[in-house]
Amino acid sequence: MGDIKEKCDENTSLYNNFIHHIIDEDLASGKITQVHTRFPPEPNGYLHIGHAKSICLNFGIAKRYNGKCNLRFDDTNPSKEDTEYVESIMEDIHWLGFDWEDRLFFASDYFSQLYDCALTLIKNGLAYVCDLNAEEIRKYRGTLTEAGIDSPYRNRSIEENIELFEKMKKGSFADGSKVLRAKIDMKSPNLNMRDPVVYRILRAYHHRTKDQWCIYPMYDYAHPLSDSFEGISHSICTLEFEDHRPLYNWFLEHSGVICKPRQIEFARLNITRTVLSKRILRSLVEEGMVDGWNDPRMPTISGLRRRGYTPSSIRDFCEKIGVAKSNSTVEKEMLEHCIREDLNLHAPRIMAVLNPLKLTITNFPENEIEWLEAENNPEDPTAGKRMVPFSRNLIIEKSDFIEDPPKKFFRLSPGKEVRLKYAYIICCNEVIKDSESGEIVEIKCTLDPNTKSSQDTSGKKVKGTLHWLSVAHAKEIEVRMYEDLLSNETPETSNDTENTDSSKNYQNIVNKESMTLLHPCYIEKHFIESDMSRHFQFLRQGYFVKDFLLSNESKIVFNQIVTLKDTWAKLEKTGKTD
């Protein structure tokens, strides 16, 4: 966990880092007069927690410098794009607390301009139509140790290239039969500069331009020019695009554009036991291994939202991990720590029984109800208090009773006393078992009337305190408990970039026991029906949230957000983060 120390470095903070120092220098030198950033997602899937870091960074920089931040969809690959993804991305950004105001753009807004810039490259002898197929282009490109080989079509005349490119636009050629390539340097040590593809033929329905185009620009070409068209001052991207920067600058220099943004790279987010490859996440969805992009086990922003994570907890996480120049991996426990910190301050406490066992108080009147005072949140004085009903017939957790307990078991057992939270000290007198299975189905206890919480005059001291519910006042619910979606600690596939394909064996690391459904469970009826909050701390259980998709009038479903135990906080406090 040594990587976590870096978050405290003044040069890596989300709000004070090396990118800010670069921007400060550009402003001081007069290179720019206004900061203008952008968040440029591809609408080919849902955003995940890694994108949240980029969102916080780009919108945060704009806010810091009183500048602007655009939302621009890089919709240049219609075969994988959909309006569903566009809508989900916009919802996620707003949910996180950011607003692009009137600056919503699409790369497809610039298709005509991008085409004209490509013609400019051709007319200046800097682009050509190539008939090599994809496999041949890869072969001709060479390797890191061997120079590339010129395409046999590299020296076509400007006139022929213009004519062929126009025919490509008109749909005169089959998909994949020709591409437009930039004419740069096939011997460059940077493979990205070895005559990269600028346009390809692709007959696919586009979610915005419909069938208007059958040729589409490549990302490395469309991205810098789109930045230029929008007047972006700093194009902030992840570290894998560092080798693409010379190409980014080349297109800006030779395409006839005036504005020339500055590209800056930062380390992408990697989290232990977490898949952050959109390709793999899409496969999990398409193959039915999860219940959609917003499955609470998914690291997507919509999945985290449904799981119960709050916008403030995710923003806090992004601040804690900071911005660095080199790749590292963050412990998943840090993300869980951030949601615990938030919910500890704001989530109401209630009692819930997930695995019920009947408990009868034999010396409490049959039809009597006693209302006891309980605090809603000890961390929030303004949260107030509530009244909980106590009766003869209760339920407790099965795990809180053992007939023949081991040493240091401080919960309930025959002849032993414990306190019921907010109520009385009780003693187990009798155990009732099923005659056939031998399973314990009920325990009978007596209470000491002198031990009522806040009014205890008995002087008794007990080590165990249990939560409980009155049967007549309990609401039946369904609870979904979650474990890691991955079974490996740091699987190689978890940190893929979108440009590699190492997802072949991801099925082997998916934890098929990552969700456990508990039913019937019970919760304080009067409290849950008052709808005070969707987020709750179930006493002694953890933090839970009402599932807004599955809950209805006839059924209430709760998702486990996170346990009460905070390993990362303890390690941070002791300094043992290595």
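The values are calculated or read from the model by the stated rules, or taken from the named source; none is laboratory data. All values derive from a computational prediction rather than experimental measurement. Heads up, the Cβs are rebuilt from the backbone with ideal geometry, glycines too, and the neighbour counts pull from every protein chain shown.
Of the numbered conditions (1) surrounded by 23 or more Cβ atoms within 10 Å (Cβ to Cβ); (2) assigned to a strand (DSSP E or B), residue 323 fails exactly one; give the number of that condition.
Answer for residue 323: the failing condition is (2).
Collect the residues in the stretch 169-183 that are surrounded by fewer than 20 Cβ atoms within 10 Å (Cβ to Cβ) and among the hydrophobic types (A, V, I, L, M, F, W, C), keeping them in residue-number order.
If the condition is that a residue be surrounded by fewer than 20 Cβ atoms within 10 Å (Cβ to Cβ) and among the hydrophobic types (A, V, I, L, M, F, W, C), then 173, 174 are the ones that fit.
Checking the structure you have, find out if any residue of the stretch 166-176 is in contact (Cβ under 8 Å) with a residue 12 or more places away in the chain, more than 27 Å from residue 209 (Cβ to Cβ) and assigned to a loop (DSSP other than H, G, I, E, B).
Scanning the stretch 166-176 turns up no residue that is in contact (Cβ under 8 Å) with a residue 12 or more places away in the chain, more than 27 Å from residue 209 (Cβ to Cβ) and assigned to a loop (DSSP other than H, G, I, E, B).
Taking the stretch 344-388 as the region of interest, how many residues are exposed (fewer than 15 other Cβ atoms within 10 Å of the Cβ), in a helix (DSSP H, G or I) and out of contact with any Asp or Glu (no Cβ under 7 Å at 6 or more places or on another chain)?
Matching residues across the stretch 344-388 total 2.
Yes/no matrix, rows are residues, columns are (1) of a type in the set (D, E, K, R); (2) at pLDDT below 95; (3) surrounded by fewer than 19 Cβ atoms within 10 Å (Cβ to Cβ):
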position: 99; (1), (2), (3): yes, no, yes
position: 105; (1), (2), (3): no, no, yes
position: 113; (1), (2), (3): no, no, yes
position: 117; (1), (2), (3): no, no, no
position: 123; (1), (2), (3): yes, no, yes
position: 128; (1), (2), (3): no, no, no
position: 134; (1), (2), (3): no, no, yes
position: 138; (1), (2), (3): yes, no, yes
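Each row is one residue, and each column tells you yes or no for (1) of a type in the set (S, T, N, Q); (2) at pLDDT 90 or above.
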position: 459; (1), (2): no, no
position: 469; (1), (2): no, yes
position: 474; (1), (2): no, yes
position: 480; (1), (2): no, yes
position: 488; (1), (2): yes, no
position: 498; (1), (2): no, no
position: 504; (1), (2): no, no
position: 507; (1), (2): yes, no
position: 514; (1), (2): yes, yes
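Filter the stretch 57-83 for residues that are of a type in the set (S, T, N, Q), out of contact with any strand residue (DSSP E or B) (no Cβ under 8 Å at 6 or more places or on another chain) and over 17 Å from residue 102 (Cα atoms) and give the result. Steps first, answer last, please.
Taking the stretch 57-83 first, the residues of a type in the set (S, T, N, Q) are 58, 66, 70, 76-77, 79, 83.
Add one more test, that the residue is out of contact with any strand residue (DSSP E or B) (no Cβ under 8 Å at 6 or more places or on another chain), and what stays is 66, 79, 83.
79, 83, listed by residue number.
Can you report the number of residues in the stretch 326-338 which are in a loop (DSSP other than H, G, I, E, B) and either in contact with a helix residue (DSSP H, G or I) (Cβ under 7 Å, 6 or more places away or on another chain) or crowded, with 23+ Cβ neighbours inside 10 Å (or both)?
Residues meeting the conditions: 4.
For the stretch 57-98, give me each residue that is free of Cβ contacts under 8 Å to residues at least 40 places away in the same chain and not aromatic (Phe, Trp, Tyr).
62, 63, 66, 68, 69, 71, 80, 84, 87, 90, 94
Could you tell me which numbered condition residue 383 fails, if it satisfies all but one of (1) modelled with pLDDT of 95 or more; (2) touching a helix residue (DSSP H, G or I) at 6+ places or on another chain (Cβ under 9 Å)?
The number of the failed condition is (1).
Name the residue, out of 62, 28, that is of a type in the set (A, V, I, L, M) and either touching a Cys at 6+ places or on another chain (Cβ under 6 Å) or buried (at least 21 other Cβ atoms within 10 Å of the Cβ) (or both).
Exactly one residue qualifies, and that residue is 62.
Filtering the stretch 65-87 down to residues that are under 20 Å from the mean Cα position of the chain (by Cα) and among the hydrophobic types (A, V, I, L, M, F, W, C), which residue is surrounded by the most Cβ atoms within 10 Å (Cβ to Cβ)?
Applying the filter and picking the extreme gives 73.
Would you confirm whether or not the stretch 247-254 contains a residue that is buried (at least 23 other Cβ atoms within 10 Å of the Cβ), among the aromatic types (Phe, Trp, Tyr) and closer than 17 Å to residue 26 by Cβ?
Looking for residues that are buried (at least 23 other Cβ atoms within 10 Å of the Cβ), among the aromatic types (Phe, Trp, Tyr) and closer than 17 Å to residue 26 by Cβ, one finds at least one in the stretch 247-254, hence yes.
Evaluate the following for residue 416: is it in contact with a Cys (Cβ under 7 Å, 6 or more places away or on another chain), outside the structural domain of residue 522 (by TED's automatic domain parsing), surrounded by 14 or more Cβ atoms within 10 Å (Cβ to Cβ) and not hydroxyl-bearing (Ser, Thr, Tyr)?
Considered against the rule, which asks whether it is in contact with a Cys (Cβ under 7 Å, 6 or more places away or on another chain), outside the structural domain of residue 522 (by TED's automatic domain parsing), surrounded by 14 or more Cβ atoms within 10 Å (Cβ to Cβ) and not hydroxyl-bearing (Ser, Thr, Tyr), residue 416 comes out as yes.
Inside the stretch 197-237, can you point out the residues that are buried (at least 17 other Cβ atoms within 10 Å of the Cβ), farther than 16 Å from residue 117 by Cα and of a type in the set (Ser, Thr, Tyr)?
Passing the criteria: 233, 235.
Yes/no matrix, rows are residues, columns are (1) outside the structural domain of residue 445 (by TED's automatic domain parsing); (2) over 21 Å from residue 463 (Cβ atoms); (3) without any contact (Cβ under 8 Å) to a residue 40 or more places away in the chain:
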{"residue": "368", "(1), (2), (3)": "no, yes, yes"}
{"residue": "371", "(1), (2), (3)": "no, yes, yes"}
{"residue": "375", "(1), (2), (3)": "no, yes, yes"}
{"residue": "391", "(1), (2), (3)": "no, yes, no"}
{"residue": "404", "(1), (2), (3)": "no, no, yes"}
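Can residue 134 be described as farther than 20 Å from residue 220 by Cα and among the aliphatic types (A, V, I, L, M)?
No, not satisfied.
For the stretch 43-54, indicate whether the set of residues that are surrounded by fewer than 21 Cβ atoms within 10 Å (Cβ to Cβ) and free of Cβ contacts under 8 Å to residues at least 40 places away in the same chain is non-empty.
No, the stretch 43-54 contains no residue that is surrounded by fewer than 21 Cβ atoms within 10 Å (Cβ to Cβ) and free of Cβ contacts under 8 Å to residues at least 40 places away in the same chain.
Out of all the residues in the stretch 277-312, which are surrounded by fewer than 22 Cβ atoms within 10 Å (Cβ to Cβ) and under 30 Å from residue 21 (Cβ atoms)?
311, 312 - these are the residues of the stretch 277-312 that are surrounded by fewer than 22 Cβ atoms within 10 Å (Cβ to Cβ) and under 30 Å from residue 21 (Cβ atoms).
Go through (1) in a loop (DSSP other than H, G, I, E, B); (2) surrounded by fewer than 16 Cβ atoms within 10 Å (Cβ to Cβ); (3) in contact (Cβ under 8 Å) with a residue 24 or more places away in the chain and name the single condition residue 455 misses.
Status for residue 455: all satisfied but (3).
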